[in-house]
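The values are calculated or read from the model by the stated rules, or taken from the named source; none is laboratory data. Just so it is clear, the structure is predicted and the values come from calculations on it, not from any experiment. Here the Cβ is made from the backbone with ideal geometry for all residues, glycine too, and neighbour counts use every protein chain on show.
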Amino acid sequence: MNTKDIRTKIEELVDESTGKTLKETSAIKHIGIDSENDVVVLVIAIGKTGGKAENNLKRQLAKIVKIDLGFSGIKMQIEEARKIDSITNRNVRFIIIESGKGGVGKSTIAVNIAYALKNLKQNVAIIDADVYGSSVPRILEMIQEYPKVNEQGKIIPKEAFGMQVISTEFFIEGNKPVIWRGAMLNKMMNNFFYEVAWDKNLDFVVVDAPPGTGDVSLDLKNIIPTGEAIIVTTPHKAASKVAIKAGFASKSLNHQIIGVIENMSYFNNPVNNNKEYVFGQGGGLEVAKELGVELLAQIPLAHPIHHSGIYETDEEIGQIFDNIASFLLIKE
Ligand SMILES: Nc1ncnc2c1ncn2[C@@H]1O[C@H](COP(=O)(O)OP(=O)(O)OP(=O)(O)O)[C@@H](O)[C@H]1O
Ligand SMILES: [Mg+2]
């Protein structure tokens, strides 16, 4: 008796939550035989877990494996198809850009880290999860329209600067304010991860998280427990104080924090070549020290030369993002 025989025996079973056979939905994700213990190991994807469909299927699988095929035991892992097939189950690294305060450059940094990773030949996507102040499409000079949907009903992500992008802004009309809470936010976040037809070979997903801590941070933690957080602050005390708070909140959720980026650190005065510390000094180092992580970069104040929000490598800031991306790659 081998795994092929087992497959033939079980693939005609019907997943009642979709009304289709396991064969039709390619639901059998793994069949293994633990011969030492005479146990069959199955991973099955169904339409909806936690209901009658799951219970009935489990009963039928156990019957086939134990009674019809004569194994001593069965180990089953039944998961929802959309979750099994989602990017969260692939070999993708999630970089979550967080900050305490708004307006510190979180979105600019998220997009530019993504872009620098892309320039290092990585396959990159951006999830703009900042439901309250979504600005990724603006930085990437994208036009606002609803994304298309593919034959399987999955949302097709948009492309900009060679990256796949999904943003809350694609789903709201005009300038209407977003007033989503709790359950709706949760659904939105879930959709970004489970209902989008992401490229199958993504290396990195960079997430622009909303400032502060709240429902979305919790949702993100649940959806991507392996996320790596970067905390953004400015040198200003007011920003670093809240950044530390956000960092600790993130730590309490067991997010791995990989470093701090200080933005708007200084201004290169072209007249005398002096660095002018417009917002003071020390915020980034303080946050890094408090959280026990590295200060990854200090980014000066400068507008991008070539694009509205993207810095290229012939610019000082573009070089800094390039270094951050290289650090992320090596860190793996
Ligand atoms: N290093 C920088 N030099 C000059 N301008 C910058 C720099 N970083 C960000 N900015 C500008 O500051 C503004 C705020 O940046 P951004 O939108 O990235 O911040 P944010 O933290 O995401 O803000 P929000 O809380 O609104 O989402 C933008 O106009 C951006 O172009
Ligand atoms: Mg933003």
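Residues in segment 137-165 that are charged (D, E, K, R) and within 16 Å of ligand 1 (Cβ to nearest atom): R138, E141.
Contact map, segment 54-75: residues that are among the β-branched types (V, I, T) paired with residues that are surrounded by fewer than 17 Cβ atoms within 10 Å (Cβ to Cβ) and part of a helix (DSSP H, G or I), Cβ distance under 6 Å, separation 6+ or inter-chain. Pairs shown: I64/K9; I74/A62.
Looking at segment 60-79, is at least one residue in a helix (DSSP H, G or I) and within 16 Å of ligand 1 (Cβ to nearest atom)? Scanning segment 60-79 turns up no residue that is in a helix (DSSP H, G or I) and within 16 Å of ligand 1 (Cβ to nearest atom).
Tell me yes or no: at least one residue of segment 156-164 is in the same structural domain as Q319 (by TED's automatic domain parsing), outside any strand (DSSP E or B) and exposed (fewer than 15 other Cβ atoms within 10 Å of the Cβ). Yes, segment 156-164 contains at least one residue that is in the same structural domain as Q319 (by TED's automatic domain parsing), outside any strand (DSSP E or B) and exposed (fewer than 15 other Cβ atoms within 10 Å of the Cβ). Among the residues making up segment 74-90, those that are in contact with a helix residue (DSSP H, G or I) (Cβ under 7 Å, 6 or more places away or on another chain) and either of a type in the set (F, W, Y) or within 20 Å of D38 (Cβ to Cβ) (or both) are I74, M76.
The set of residues from segment 210-239 being assigned to a helix (DSSP H, G or I) and either away from ligand 1 (no atom under 14 Å from the Cβ) or not assigned by TED's automatic domain parsing to the domain that holds F192 (or both) comprises D215, S217, L218, D219, L220, K221, N222, I223, K237.
When segment 103-115 is limited to residues that are within 10 Å of ligand 1 (Cβ to nearest atom) and crowded, with 22+ Cβ neighbours inside 10 Å, the one that is farthest from the chain's Cα centre (by Cα) turns out to be V104. One residue stands out among those in segment 80-102 that are within 16 Å of ligand 2 (Cβ to nearest atom) and either buried (at least 18 other Cβ atoms within 10 Å of the Cβ) or free of Cβ contacts under 8 Å to residues at least 12 places away in the same chain (or both): the one that is farthest from the chain's Cα centre (by Cα), which is K101.
Quick one: is F192 over 19 Å from E228 (Cβ atoms), among the aromatic types (F, W, Y) and either part of a helix (DSSP H, G or I) or not assigned by TED's automatic domain parsing to the domain that holds A325 (or both)?
The answer is no for F192.
Restricted to segment 96-148, and to residues there that are of a type in the set (D, E, K, R) and assigned to a loop (DSSP other than H, G, I, E, B), the residue that is nearest to F193 (Cα to Cα) is D130. Considering only residues in segment 231-268 that are within 18 Å of E294 (Cβ to Cβ) and among the small types (G, A, S), the one that is surrounded by the fewest Cβ atoms within 10 Å (Cβ to Cβ) turns out to be G259.
I'd like to check something: does segment 166-187 contain any residue that is outside any strand (DSSP E or B), within 16 Å of the chain's Cα centre (by Cα) and among the aliphatic types (A, V, I, L, M)?
Yes - at least one qualifying residue is present in segment 166-187.
A count restricted to segment 116-134 and to residues that are within 13 Å of ligand 1 (Cβ to nearest atom) and either under 30 Å from G47 (Cα atoms) or surrounded by 20 or more Cβ atoms within 10 Å (Cβ to Cβ) (or both) stands at 6. Of all residues in segment 106-126, those being more than 8 Å from ligand 2 (Cβ to nearest atom), of a type outside the set (A, V, I, L, M, F, W, C) and touching a residue at least 12 places away in the same chain (Cβ under 8 Å) number 6. For beta carbons closer than 9 Å, sequence separation of 6+ or different chains, a first residue in segment 127-143 that is closer than 14 Å to G212 by Cα and a second that is within 12 Å of ligand 1 (Cβ to nearest atom) and β-branched (V, I, T), the qualifying pairs are A129/T168; D130/V136; D130/T168; V131/T168; Y132/T168. Against the conditions (1) more than 27 Å from A325 (Cβ to Cβ); (2) at pLDDT 85 or above; (3) of a type outside the set (S, T, Y), I113 satisfies every one except (1). Has segment 91-98 got at least one residue that is closer than 30 Å to E11 by Cβ, polar (S, T, N, Q) and outside the structural domain of I223 (by TED's automatic domain parsing)? Scanning segment 91-98, I find no residue that is closer than 30 Å to E11 by Cβ, polar (S, T, N, Q) and outside the structural domain of I223 (by TED's automatic domain parsing), so the answer is no.
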